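Quick notes on the structure that follows.
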Amino acid sequence: MSTHPSTSVTLAEDQSKALLSGFGVPFAPEAVVHSPADAVSAAATIGYPVVVKLNGERIAHKTERGLVKLNLGDAEAVTTAATTLLSAATPEDGDVSLLVAPMLSATREFIAGISTDPQFGTTVVLGVGGVLTEAIADVSIRLLPITELDAQSMINDLRSQPLLGEFRGEPAVDRHALGAVLMALSDAAAATTHMLSADLNPLMIVDGMPIAVDALVEVRES
């Protein structure tokens, strides 16, 4: 949620997820593999449909480069996608791998993360995500560290409260679970003193529970 190109490095997606999951951020199960055949095996274990992404420390903007293949329904589709992704890697990308994850969908998406402001310091951010992100700019921010009370206050501060209730036949968002994600981000930032930013985008609501689909962590170079 902030960029510091001259002083920072962005962790690979799998590294970002490993760091944040250690503090309790919920992620969908996924596999890191290095060949189309292994991608097919992982997809069979995870269950179709799946998403396959090119993964690496120097790959941050996957979507813009077409490095994300969605809604793959069978082994042939996974083989084609994995082969295409590996062939799209450039020497500048360095070491790459493939991320295989379940294809999740949700009618409600949020964004959450850590941002470092030169003036105010490190903050936790929660906002409405998905296609509405830029249109409504509904965001709540608190300085680190936060308490559980702060986390619930952030959720209550969002103007889009109807999105948090029962929605299109789905249960209400579990506010305790959503607050726990914010607490986990706060804990991760406090423990990882060289963390500059973290992005969970999107943070999907599936059966009322938040689950992070993508993550990027930016750290200060040592």
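The values are calculated or read from the model by the stated rules, or taken from the named source; none is laboratory data. Note that this is a predicted model, so its numbers are computed, not measured. Glycine also receives a Cβ, built like all others from the backbone with ideal geometry; neighbour counts cover every protein chain displayed.
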Would you pick out the residues in the stretch 24-44 that are touching a strand residue (DSSP E or B) at 6+ places or on another chain (Cβ under 7 Å) and over 19 Å from residue 215 (Cα atoms)?
34, 39, 42, 43
Just to be sure, is residue 66 in the same structural domain as residue 200 (by TED's automatic domain parsing), of a type outside the set (Lys, Arg), within 27 Å of residue 204 (Cα to Cα) and in contact with a helix residue (DSSP H, G or I) (Cβ under 8 Å, 6 or more places away or on another chain)?
no
Looking across the stretch 23-79 at residues that are outside any loop (DSSP other than H, G, I, E, B) and acidic (Asp, Glu), the single one that is surrounded by the most Cβ atoms within 10 Å (Cβ to Cβ) is 38
Taking residue 33 and the conditions (1) within 20 Å of the chain's Cα centre (by Cα); (2) more than 13 Å from residue 99 (Cα to Cα), which numbered condition does it fall short on, given that it satisfies the others?
(2)
Residues being in a strand (DSSP E or B) and without any contact (Cβ under 8 Å) to a residue 24 or more places away in the chain - total across the stretch 143-179:
1
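Condition check ((1) farther than 27 Å from residue 70 by Cα; (2) modelled with pLDDT of 95 or more; (3) of a type outside the set (S, T, N, Q)) across all residues:
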residue: 127; (1), (2), (3): no, yes, yes
residue: 134; (1), (2), (3): no, no, yes
residue: 148; (1), (2), (3): yes, yes, yes
residue: 158; (1), (2), (3): yes, yes, yes
residue: 182; (1), (2), (3): yes, yes, yes
residue: 222; (1), (2), (3): yes, no, no
Kindly indicate whether any position in the stretch 94-109 is part of a helix (DSSP H, G or I) and either in contact with a Ser or Thr (Cβ under 6 Å, 6 or more places away or on another chain) or closer than 22 Å to residue 30 by Cα (or both).
no
Looking at this structure, is residue 204 under 30 Å from residue 54 (Cα atoms) and either crowded, with 19+ Cβ neighbours inside 10 Å or at pLDDT 95 or above (or both)?
yes
